[in-house]
Amino acid sequence: MDYLPVFLNLKNKKILVIGGGDVAYRKIQLLIDAGADVFIVSKELCFNLEIFVKKKKIQWIAKKFRPEHILDKFLVIAATNNQDLNIQVYREAEKNNIFINVVDHPDLCSFIFPSIIDRSPIMIAISSGGKAPVLIKQIREKLEAILPLHIGKAAQIAGKWRNKVKQKIYSSIDRRNFWEKLFRSNFLFLANRGNESEAEKYLEDSLYDNYHKTEGRVVLLGAGPGDAELLTLKGLQILQQADVILYDNLVNRKILDISRRDAEKIFVGKKAGNHLIVQEKINNLMVMHANSGKLVVRLKGGDPFIFGRGGEELHFLQKNNILCEIIPGITSAIGASAYFKIPLTHRNVSKGVTFITGHNQEEEETLPWEAISHFNHTLVIYMGKMKAQFIQDILIHYKKDILTPIAVISKATCPDEKIFTGTLSHLAELADKSESPSLLIIGNVIDLYKLFNDS
């Protein structure tokens, strides 16, 4: 290896930085976070470094570098655009066996700065030895995406309890098994949510109760409208921890590809008129797997609480004493309209939006259609394709203008998405042309579709 990865304790160590620009500022930020005493040599300072000097976070000791500046320093950083000065600093540091980093010049470095993921006290450093910094940036972004923001809390609590665990569990093998089991349990879930006191209580109960049962839990997760990249960051993190995934028909299979590879994936999809598995069975599957100590993800298209039966499932889980978390997703109406540049609300056009479902709407008035027909804002209808004729007829029956602009969007946010636009009098005809899943949008905001997509 070109460089040995090490983590340095810089608390109260004297660090010299030559240079006063933005690059030096970024390095100095890291040094201050690490508790270093920073001394700077530069002809002038950027605004942010001037603030640091005024707040006495750093010391500006000279405007021109002299060799004696480095003599009592732990390490030195040169961040100037003066190549001759950089080489001089490098040689002086090497001569005095002091670590030196010349920014963007790997050949003039005895140490380099890695790309850092900070979940203190958990730290991850990534480096290509200066060969491919853009690639390292992309790798860091991927790792950032899968690491919960509060995972450091779990490490802090574990560190606090290490000695107590040693006193209680003498065998190193048994201790390792204890920690492995704990970090797969609801302890990590509680810590990641920032519930430090509950997480610590969970650890204590696990340690002192020899019969402590590993508890499972269920996460109701919104997968978004279709495009796998619209899955939330928190959703991605939980998918990569899941033991069991119960997924709907509307979930993009690419989302399953980025889940934990050894997770058990169970299809529980339903289509209008074709329920492969009834809701009661889904509820029982969630409880059964959670009771066996597993992390169960109930993966739904869109958002669990927008026509996704999320409330019903949450109620069932709570009745059965199953710990449940909700991770929302981008609902289909938001994703579909945004991808086609249709604002659901717009000043002087629509001051509100109403979401309804067309599923199971029969000729009897299960919704207040008379009131709905007189709304002067946007109407969005989920699962309305099969009932489009009924919806068209009843809105017109209650005097909704037949020239009201409408759009039918199918397979929203996916590569084969389509949009059909027209007026209310053609709603059923356009819905018949669309593929499922499709979304009906009724209102004057549809006029903005052509305006924004023709510009």
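The values are calculated or read from the model by the stated rules, or taken from the named source; none is laboratory data. Just so you know, these numbers come straight off a predicted model, no measurement behind them. Methodologically, a virtual Cβ is constructed for each residue, glycine included, from the backbone with ideal geometry; neighbour enumeration extends over all protein chains shown. Accessible surface is based on the protein model in full, side chains and every heavy atom, while ligands, DNA and RNA are left aside. Shrake-Rupley method; radii C 1.70, N 1.55, O 1.52, S 1.80 Å.
Would you check if Ile391 is at pLDDT 95 or above and at negative phi?
So Ile391 fails the test.
For the stretch 213-267, filtered to residues that are open to solvent by less than 40 Å² (accessible area, probe 1.4 Å), part of a loop (DSSP other than H, G, I, E, B) and without any contact (Cβ under 8 Å) to a residue 40 or more places away in the chain, the residue that is nearest to Glu180 (Cα to Cα) is Ala263.
Taking the conditions (1) more than 19 Å from Lys14 (Cβ to Cβ); (2) free of Cβ contacts under 8 Å to residues at least 60 places away in the same chain; (3) not acidic (Asp, Glu) in turn, Leu85 satisfies each one other than (2). Check whether at least one residue in the stretch 42-62 is of a type in the set (Ser, Thr, Tyr) and either in a helix (DSSP H, G or I) or within 19 Å of Pro106 (Cα to Cα) (or both), and report yes or no. Scanning the stretch 42-62, I find no residue that is of a type in the set (Ser, Thr, Tyr) and either in a helix (DSSP H, G or I) or within 19 Å of Pro106 (Cα to Cα) (or both), so the answer is no. Scanning the stretch 399-434 for residues that are farther than 16 Å from Ala388 by Cβ and surrounded by 14 or more Cβ atoms within 10 Å (Cβ to Cβ) yields Lys411, Ala412, Thr413, Cys414, Glu417. Does Asn444 satisfy being under 23 Å from Ala338 (Cβ atoms), surrounded by fewer than 14 Cβ atoms within 10 Å (Cβ to Cβ) and polar (S, T, N, Q)? Answer is no for this residue.
Based on this model, can you work out whether Glu198 counts as surrounded by fewer than 20 Cβ atoms within 10 Å (Cβ to Cβ), without any contact (Cβ under 8 Å) to a residue 24 or more places away in the chain and closer than 16 Å to Gly302 by Cα?
no
The set of residues in the stretch 175-188 being open to solvent by less than 80 Å² (accessible area, probe 1.4 Å) and more than 13 Å from Ala155 (Cα to Cα) consists of Arg175, Asn177, Phe178, Ser185, Asn186.
For the stretch 380-394, indicate whether the set of residues that are closer than 27 Å to Asn252 by Cβ, of a type in the set (Lys, Arg) and open to solvent by less than 70 Å² (accessible area, probe 1.4 Å) is non-empty. Taking every residue of the stretch 380-394 in turn, at least one turns out to be closer than 27 Å to Asn252 by Cβ, of a type in the set (Lys, Arg) and open to solvent by less than 70 Å² (accessible area, probe 1.4 Å).
Exactly one residue out of Glu280, Glu325 is assigned to a helix (DSSP H, G or I) and either surrounded by 14 or more Cβ atoms within 10 Å (Cβ to Cβ) or not hydroxyl-bearing (Ser, Thr, Tyr) (or both): that is Glu280. Taking Gly35 as the residue in question, decide whether it is under 22 Å from Met123 (Cβ atoms) and surrounded by fewer than 19 Cβ atoms within 10 Å (Cβ to Cβ). Yes: the conditions hold for Gly35.
For the stretch 328-346, the candidate set comprises residues that are open to solvent by less than 50 Å² (accessible area, probe 1.4 Å) and part of a loop (DSSP other than H, G, I, E, B); within that set, the residue that is nearest to Ala290 (Cα to Cα) is Gly329.
Each row is one residue, and each column tells you yes or no for (1) at pLDDT below 95; (2) of a type in the set (S, T, N, Q); (3) not in a strand (DSSP E or B).
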{"site": "Asn348", "(1), (2), (3)": "yes, yes, yes"}
{"site": "Ile356", "(1), (2), (3)": "yes, no, no"}
{"site": "His359", "(1), (2), (3)": "yes, no, yes"}
{"site": "Glu362", "(1), (2), (3)": "yes, no, yes"}
{"site": "Ala371", "(1), (2), (3)": "yes, no, yes"}
{"site": "Phe375", "(1), (2), (3)": "yes, no, yes"}
{"site": "Leu379", "(1), (2), (3)": "no, no, no"}
{"site": "Lys385", "(1), (2), (3)": "yes, no, yes"}
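Of all the residues in the stretch 411-445, those that are in contact (Cβ under 8 Å) with a residue 40 or more places away in the chain and within 31 Å of the chain's Cα centre (by Cα) number 13.
For every residue, the table says whether it meets (1) more than 35 Å from the chain's Cα centre (by Cα); (2) of a type in the set (D, E, K, R).
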residue: Lys27; (1), (2): no, yes
residue: Lys43; (1), (2): yes, yes
residue: Cys46; (1), (2): no, no
residue: Ile70; (1), (2): yes, no
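Out of His359, His315, His346, one residue alone is out of contact with any helix residue (DSSP H, G or I) (no Cβ under 7 Å at 6 or more places or on another chain) and touching a residue at least 24 places away in the same chain (Cβ under 8 Å). It is His359.
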